[in-house]
Structure formats: structure tokens, C-alpha cells
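**Q** Below you will find the structure I want to go over with you.
The values are calculated or read from the model by the stated rules, or taken from the named source; none is laboratory data. Quick caveat: nothing in here was measured; it's all calculated off a predicted structure. Methodologically, a virtual Cβ is constructed for each residue, glycine included, from the backbone with ideal geometry; neighbour enumeration extends over all protein chains shown.
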Amino acid sequence: MKKYKNKGVSDKPSVAKETALESDAKPSVAKETALESDAKPSVAKETALESDECIIRAQSLYYEYSAGTPFSKKAVDGVSFSIKRNRITGIIGHTGSGKSTLLQMLNGLLVPMSGDVLLDSESIFRDKKTLRQARFRVGLVFQYPEYQLFEETVRKDISFGPANLGLSEEETEKRVSFACGFTGLDEQLLDKSPFDLSGGQKRRVAIAGIIAMKPDVLILDEPASGLDSAGRRVVFDGLVNYKNSTGAAVVVVSHSMEDMAKYADEVIVMAQGRMIASGSVNEVFSDRKMLTENSLEAPVISIFADELRDRLAARGIDFPKGIYTVEAALSAITALLGKEGMH
Ligand SMILES: Nc1ncnc2c1ncn2[C@@H]1O[C@H](COP(=O)(O)OP(=O)(O)O)[C@@H](O)[C@H]1O
Ligand SMILES: [Mg+2]
């Protein structure tokens, strides 16, 4: 498994993110820098660092479907990682690589056959109470969650979780508004039947139902799949805003390398039930060899940027490395045009 040295350093400038980070009781930037400047970080230091920021720790998770039958299927095999607060962790990997199985173990919906999930350093499988707490604190949005809407109105659907938490009607109502804010749902839709909404709106209602529980960890399985680019943006911007305003950890599975490059802080790569790499967007997407070996591709814009860099280098012109988003490519090209006096 590849764990890159510069672990956790995001290459993307994001003012909102940094501000949110700074307002954290325990700012992580200074600590991370301190750690990195150490030639050989001591184990004790690393543990301290991780326990400060880490909200979930997956330890050697193993899961097999139809175990003990001729149809047994290893789905997750010895996977360990930590999920940090105030970060978006992306999970990528081919269909069948174990992503969905993994997510379901993180809130205890599936019980690992071996290994453990620690939530704030305590096993979620310790007893009924810890498991129940995990179900509330770790919100899981399934793939195509709109198929699970079942109430008469959008309001009732979004209220289902908070009402289950035993919150008052007034508080539940506040939570519904709170969740609509992050998912870009017009509150005028609240009294409609979810079945009268468009596909994209239904998706947002389903996501709002989990956000209304204010989870400390929000986990989503391909939340943007099947949506057009405007719909994807609404969903991902909502996740970023939720993370920035609550400091929650967000974990998101996606097939879109473009979305991962744009929104994730850290990326975990799965293949055949194993975690084969983890690191910042820069670390993971610059490792072309690892990606190719696993039939994954870096975002198209970064392939374009590499090609452009080579061609410009042949003409003696420098073009920066580490470009993974359209926005980054645009500003690099604009800066270059300015420098070359070509505008
Ligand atoms: N309910 C199930 N019964 C049997 N096998 C399953 C079941 N769900 C998933 N699998 C198998 O487990 C492996 C991992 O699946 P999954 O976690 O859904 O991967 P991903 O989300 O990355 O596509 C796949 O080989 C898949 O076929
Ligand atoms: Mg899946």
C-alpha cells in the first residue's frame, strides 16, 4: 500500500477551507508543518497528530459475502486508514473494488468479520449503545438514495432522522431548514410529495435527510452519479459548505476524477478489496503509474496540462506542475500569457 510522505497536504487553494480550519479549536496546519519539517518524525508524535484530527479509524477491516459457502466473496481485505475532521476524503476505485462494503462498515451497518472501527478512539462495535451512537453520528447516504424516499411530503422525509433522534418539533423544523440550506432545496418544495420532484431534487432531499441529523461524519456513496454538471456542482458545493460550517468529516465515493480533484482533500484508492494508496490529491493523481496499473486515470485536464508543459518546455517556457482542475489550468495559462506579454 502506498502512503505518500507529504501526507495530508492539499494542493488546492481554498480560502473558505483555510478559514474554517483556522477557526478550529485545534488548528492542524501548524502541527502538520512541524511534523513534515522533521527528518524522522517519531512514532509518538505521529500518533498524537492523528488522534487530534482523526475522528474515525478503520483497523484491518475484513468483510466477505456469503462466507463459508461456495459463493463466498472477499469484498474488503485488511483495510486500515483514518478519516480526519474538517476534511473531504474521496474514495476512488473500480466497480467491485469494495468501496460500498467499506462505507457500510464505517457506521456499523455491516459488521466486519475481523478488524474494528474506532469513532473518537472507541470501538463502535463495543456494545449496543456505541453502535446506536455510531448510526447517529456517522450519517450514510447510499447510492441512488432517492429510491428510499417514502414519506408523503418532502418535509416528512427530511424530518425522519431528526425525529428519530427524539428532537422536539421545533428543533426538527430548524434541522429541516438547515439541511435545505446545504442541499440547495427551495423550502417551497417541503409540502410537495417527493415523487413530484425531479431526479436531482429527489437526490437532494435524500441527502438533506441525513444532513438534518447533523452527523459528525457524513458519508456518501457516489452522491453525484447520474446528475448533470450543474446538479453535481450543487451537491458537492453543499458538501463543502457543510464541512466548512460544522467541521465535520466528509467521506465521498466518486467515479469522477474531476470531482475528486476539485473537492477532495485526501484520496484513498481501492482495488480488489484492498487500499492500495492514500494521500493528497496531488500525491495520488501525480502517481500515474499506480493509477494506470489499476485502470484509473488522472483528471483529463491534468493530462492536458502535462502535455502542454512538455511542449512549452521544448520552447524554453516554464509551465507549473500539479494542475488537476480546470480552474488551476486556467489561472496557470492566464499567468503565463501575462508574463509572455501575449494578452
Ligand atoms: N450483497 C452481496 N452479495 C454478494 N457479493 C457482493 C454483495 N455486495 C457486493 N458484493 C461483491 O463484493 C465486492 C465488492 O463490492 P462493493 O463493495 O459493492 O464494491 P464497489 O462499491 O467498489 O463497486 C464485489 O465483488 C461485489 O460483487
Ligand atoms: Mg459501490
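**Q** Is it the case, given these coordinates, that Val141 is more than 30 Å from Asp191 (Cβ to Cβ), of a type in the set (A, V, I, L, M) and within 16 Å of ligand 1 (Cβ to nearest atom)?
**A** So Val141 does not fit the description; no.
**Q** With (1) in contact with a strand residue (DSSP E or B) (Cβ under 8 Å, 6 or more places away or on another chain); (2) closer than 22 Å to Ala179 by Cβ; (3) assigned to a helix (DSSP H, G or I) as the list, and Ser245 as the residue in question, which single condition is left unmet?
**A** (1)
**Q** Further, regarding this structure: Would you pick out the residues in the stretch 61-108 that are within 8 Å of ligand 1 (Cβ to nearest atom) and at positive phi?
**A** Of everything in the stretch 61-108, those that are within 8 Å of ligand 1 (Cβ to nearest atom) and at positive phi turn out to be Ser66, Gly93, Gly96, Gly98.
**Q** Could you tell me whether Met270 is at pLDDT below 95, outside any helix (DSSP H, G or I) and either touching a Cys at 6+ places or on another chain (Cβ under 9 Å) or not β-branched (Val, Ile, Thr) (or both)?
**A** Spelling it out, it is not the case that Met270 is at pLDDT below 95, outside any helix (DSSP H, G or I) and either touching a Cys at 6+ places or on another chain (Cβ under 9 Å) or not β-branched (Val, Ile, Thr) (or both).
**Q** For the stretch 220-256, how many residues are under 19 Å from Ser295 (Cα atoms) and either more than 15 Å from ligand 1 (Cβ to nearest atom) or touching a helix residue (DSSP H, G or I) at 6+ places or on another chain (Cβ under 6 Å) (or both)?
**A** Residues flagged as under 19 Å from Ser295 (Cα atoms) and either more than 15 Å from ligand 1 (Cβ to nearest atom) or touching a helix residue (DSSP H, G or I) at 6+ places or on another chain (Cβ under 6 Å) (or both) within the stretch 220-256 amount to 2.
**Q** On to the next question. Hey, among the residues in the stretch 283-335 that are of a type in the set (S, T, N, Q) and in contact (Cβ under 8 Å) with a residue 12 or more places away in the chain, which one's surrounded by the most Cβ atoms within 10 Å (Cβ to Cβ)?
**A** It comes out as Ser302.
**Q** While we're on this one: Pairs only if they're at least six apart or on different chains, beta carbon under 7 angstrom, first in the stretch 84-97 and assigned by TED's automatic domain parsing to the domain that holds Ile268, second within 16 Å of ligand 2 (Cβ to nearest atom) and basic (Lys, Arg); list them, first residue then second.
**A** Ile91/Lys99; Gly93/Lys99
**Q** Among the listed residues Ser278, Ser256, Ser331, identify the single one that is in contact with a strand residue (DSSP E or B) (Cβ under 8 Å, 6 or more places away or on another chain) and among the polar types (S, T, N, Q).
**A** Going through Ser278, Ser256, Ser331 in turn, just one is in contact with a strand residue (DSSP E or B) (Cβ under 8 Å, 6 or more places away or on another chain) and among the polar types (S, T, N, Q): Ser278.
**Q** Scan the stretch 300-313 and tell me whether some residue there is among the hydroxyl-bearing types (Ser, Thr, Tyr) and either modelled with pLDDT of 95 or more or outside any helix (DSSP H, G or I) (or both).
**A** no
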